[in-house]
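The values are calculated or read from the model by the stated rules, or taken from the named source; none is laboratory data. Please read these numbers as outputs of a predicted model, since none were measured by experiment. Cβ placement follows ideal geometry from the backbone for every residue including glycine, while neighbour counts extend to all protein chains displayed. Calculation scope for accessible area: heavy atoms of the full protein, side chains included, ligands and nucleic acids excluded. Shrake-Rupley method; radii C 1.70, N 1.55, O 1.52, S 1.80 Å.
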Amino acid sequence: MEKIKKFVKTEVKICVAVFIVLLIFFFVFLFANLDFSLFYLSLEIVTFCLLIYLFICWVTFKKKENLQEQVNQLLIENRQLKNTIDIERKDLEEYFLLWVHQIKTPITVSDLILQKEKNPYTCQLKEQMFYIREYTNMAINYMKLKDRQADMDIAEVEIDKLLKSLLRKYSGLFIDKNISLDYQPIDTK
């Protein structure tokens with residue numbers, strides 16, 4: 001019933017125009033004393049043409065309505081799929097972040113064991129543990145970058161302090177690889 005009301009609203013102008021034309025014909029026939037059988041014939045022809053036109057418009061209207069309903073349904077499904085994907089992505093990121101944090105415990109324990117035991121492979125194992133720790137930190141930092149609300153502090157930093165801490169961090173690798181550095185402070189922030 002709602003569709004019919006909508007359709008009538010869209011075609012009311014044509015119906016009014018046809019009615020006005022027929023009314024003009026009626027008055028022409030009336031004032032000219034013409035034979036009303038011709039008026040009735042023209043009324044039937046115009047009414048028949050109007051019905052054909054309205055039928056074609058109705059079919060087109062129904063097709064448009066059906067297409068609009070399909071578009072609306074697809075938009076709803078699209079929103080639902082986006083929500084599902086967002087939820088799954090967030091779950092995956094939370095799992096990955098949890099895994100990365102959990103893997104840090106065995107890394108720390110392995111480092112402690114390596115500090116106590118001395119064998120010919122200790123140096124190589126320490127180096128590999130260093131790389132594992134660095135890769136784990138890279139993963140954590142990546143997760144923090146993706147989540148702008150993570151515990152990230154953006155502040156002005158003295159580059160010398162930052163570089164000195166990095167040099168201390170990598171000093172074991174430098175020593176093992178016989179790499180010497182000549183660092184000159186730059187006093188920049």
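What to note about this one:
- For segment 88-189, the set of chymotrypsin sites (Phe, Trp or Tyr not before Pro) satisfying both a DSSP loop assignment and a count of at most 11 other C-beta atoms within 10 Å is given as TYR121, TYR183.
- Each 5 Å bin from zero up to the one holding the largest Cα-Cα distance in the chain carries the following percent of pairs: 1, 5, 7, 8, 8, 8, 6, 5, 4, 3, 3, 3, 3, 4, 4, 4, 4, 4, 3, 3, 3, 2, 1, 1, 0, 0.
- Each Lys and Arg adds +1 at its Cβ and each Asp and Glu adds -1 at its Cβ; summed about the Cα centre, segment 42-129 shows a dipole of about 200 debye.
- Contact order normalised by residue count of segment 90-189, Cα under 8 Å, 6+ apart, percent: 27 percent
- For q = 0.17 Å⁻¹, Debye-computed log10 I/I(0) when each Cα of segment 59-133 counts as one equal scatterer: -0.78
- On Cα atoms only, tilt of 159-176 relative to the major axis of the chain in degrees: 60 degrees
- A DSSP coil position with no more than 10 other Cβ atoms inside 10 Å describes the following GluC sites (Glu not before Pro) in segment 120-189: GLU156.
- Extension gain for ILE4 to ARG79 (0.36 nm times residue separation, less C-alpha to C-alpha distance): 24.0 nm.
- Cleavage-rule hits, GluC sites (Glu not before Pro), segment 21-107, DSSP coil, Cβ neighbours within 10 Å at most 14: none
- Share of carbon and sulfur in the accessible heavy-atom surface of the chain [1.4 Å probe, %]: 64 percent
- Relative contact order, percent, the chain [alpha-carbon distance under 8 Å, six or more residues apart]: 14 percent
- Cβ-derived FRET efficiency at R0 30 Å, TYR183 paired with TYR121, nearest 0.05: 0.45
- log10 of Debye I(q)/I(0), alpha-carbon scatterers only, for segment 93-162 at 0.18 Å⁻¹: -0.83
- Taking the C-alpha atoms only, the angle from helix 2-31 to the longest principal axis of the chain is near 30 degrees.
- Given their separation in residues at 0.36 nm each and the Cα-Cα distance between them, LYS62 and HIS101 gain 8.2 nm when the chain is fully extended.
- 0 to 90° range, to nearest 10: angle between helix 36-116 axis and the chain longest Cα axis: 10 degrees
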